[in-house]
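In what follows, a structure is listed as structure tokens, so that the remarks can point back to it.
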Amino acid sequence: MAFFQPKILNQLLADFPVVPVFYHEDIALTQNVIKACYDGGMRAFEFTNRGAKALEVFKAIYPFIREQCPEMALGIGTIFTVEQAKIFIEAGADFVVQPVITAEVGAFCQENAVAWFPGAATLNEIYSATQLGAEIVKIFPGNVVGPGFVKSMKGPMPNVKVMVTGGVEPTEESLKQWFSAGVTAVGMGSQLFPASLLASAKFDELTHTVASLMKYVEGLKSKK
Ligand SMILES: O=C(O)C(=O)C[C@H](O)[C@H](O)COP(=O)(O)O
């Protein structure tokens, strides 16, 4: 059973609206990354199902998070099937992220009281996702559609909440553009965790970057 129920998770994303998206097969490195993100103020972490060791690493980071980062939710991304959703939910996933919409995955998450963030890149897909029960729809790939897409989409669908991922840059300018376009949250992966940073193991630097991004977003939200 998920530690964070969907309603609480959705609020957590709205309150801490920058979500790190990460995969690595090294458990210790992944734990260091998680702790750095937590210390910098992030409260939801998306680990992606992108490699053969995804389940093994997930099972190791779950207890680490519960012990060392008690206010952080752990989700699983890159889920396509119910079988995949099932094994990660059994391993403790608080939320399930998809690059696509699989209605059966949505239904399975709802039956198990786990927050579900399906991926959409068109208005039809966004609409379908909400009809299937998604409270926050992931817009992916963000760098392809751009902030203008979110702004225009909010015209006919002002109440739909979106989290954009894919190519989101960890800079103030990029955050300003996305949040002023109307996103509820953003996810960021490769640009927040460049290979050079992971190789140098400068986790203090990561905490510092995360803290300044979170502070900047807090400022953007309070201006609204
Ligand atoms: O597959 C999923 O379920 C995902 O969540 C996809 C990720 O959001 C992006 O791969 C992150 O993109 P970058 O920030 O460009 O690294």
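The values are calculated or read from the model by the stated rules, or taken from the named source; none is laboratory data. This structure is a prediction, so every number in the text was calculated from the model and none was measured. Heads up, the Cβs are rebuilt from the backbone with ideal geometry, glycines too, and the neighbour counts pull from every protein chain shown. In case anyone asks, the SASA skips ligands and DNA or RNA and just uses the protein heavy atoms, side chains included. Shrake-Rupley method; radii C 1.70, N 1.55, O 1.52, S 1.80 Å.
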Calculated P(r) tail over 15 Å for segment 60-139, as whole % of Cα pairs: 52
Residue 172-residue 195 FRET efficiency (beta carbon distance; Förster radius 22 Å; 0.05 resolution): 0.40
Pick out, from 182, 134, 18, the residue whose Cα sits farthest towards the positive end of the charge dipole of the chain, with +1 on the Cβ of Lys and Arg and -1 on the Cβ of Asp and Glu. 182
Residue 60 and residue 111 label points (each 7 Å along its Cα→Cβ direction) are spaced in nm at 3.2
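For residue 7 and residue 123, FRET efficiency with R0 = 22 Å and r from the beta-carbon atoms, rounded to 0.05? Mind showing how you got there, number by number?
Numbers: r = 26 Å, r/R0 = 1.17.
With a Förster radius of 22 Å, E is 0.30.
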Just the Cα atoms of the chain, one point each, no solvent: what log10 I(q)/I(0) does Debye give at q = 0.09, 0.14, 0.18 Å⁻¹? -0.32, -0.80, -1.38
To the nearest 20 debye, what charge dipole does the chain have about its Cα centre, counting +1 at the Cβ of each Lys and Arg and -1 at the Cβ of each Asp and Glu? 580
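What trypsin sites (Lys or Arg not before Pro) does segment 20-51 have in DSSP loop regions with at most 15 other beta carbons within 10 Å?
When the trypsin sites (Lys or Arg not before Pro) of segment 20-51 are filtered for loop state and at most 15 Cβ neighbours within 10 Å, 50 remain.
Taking only protein heavy atoms into account and a 1.4 Å probe, give the accessible area per residue of segment 48-150 in Å².
Here the per-residue accessible area is 41 Å².
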What is the Cα centroid distance between segment 152-224 and segment 15-41, reported in whole angstrom? 14
Using 0.36 nm times the number of residues separating residue 100 and residue 83, minus their current alpha carbon distance, what extension gain do you get? 4.6 nm
For residue 188, which sequence-distant residues (separation of 5 or more, or a different chain) have an amide H within less than 5 Å of its own amide H, given hydrogens modelled in the peptide plane? 19, 21
Mind checking which lysines have their Cα closer than 23 Å to the Cα of residue 7? Skip sequence neighbours fewer than 8 apart in that chain. 86, 138, 154, 161, 221, 224
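Subtract the Cα-Cα distance of residue 215 and residue 144 from 0.36 nm times their separation in residues, and report this length gain in nm to one decimal. All intermediate terms of the calculation are to be shown ahead of the outcome.
Working: separation 71, 0.36 × 71 = 25.56 nm, distance 2.66 nm.
So the chain would gain 22.9 nm between residue 215 and residue 144.
Counting only helical runs of four or more DSSP H residues, what would the 222 nm mean residue ellipticity of the chain come to if each run contributes -39,500 (n - 2.57) and the total is spread over all its residues?
Numbers: 11 runs with 113 residues, N = 224.
Here the helix-only value at 222 nm equals -15000 deg cm²/dmol.
Suppose accessible area is computed on protein heavy atoms with a 1.4 Å probe; arrange 24, 208 from highest to lowest.
Numbers: 24 60, 208 135 Å².
Final ranking, largest accessible area leading: 208, 24.
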Test of the criteria: in segment 16-91, which GluC sites (Glu not before Pro) are in a DSSP loop and have at most 14 other Cβ atoms within 10 angstrom of their Cβ? 25, 71
Round to a whole number: what % of the accessible area of segment 1-42 belongs to carbon and sulfur, probe 1.4 Å? 59
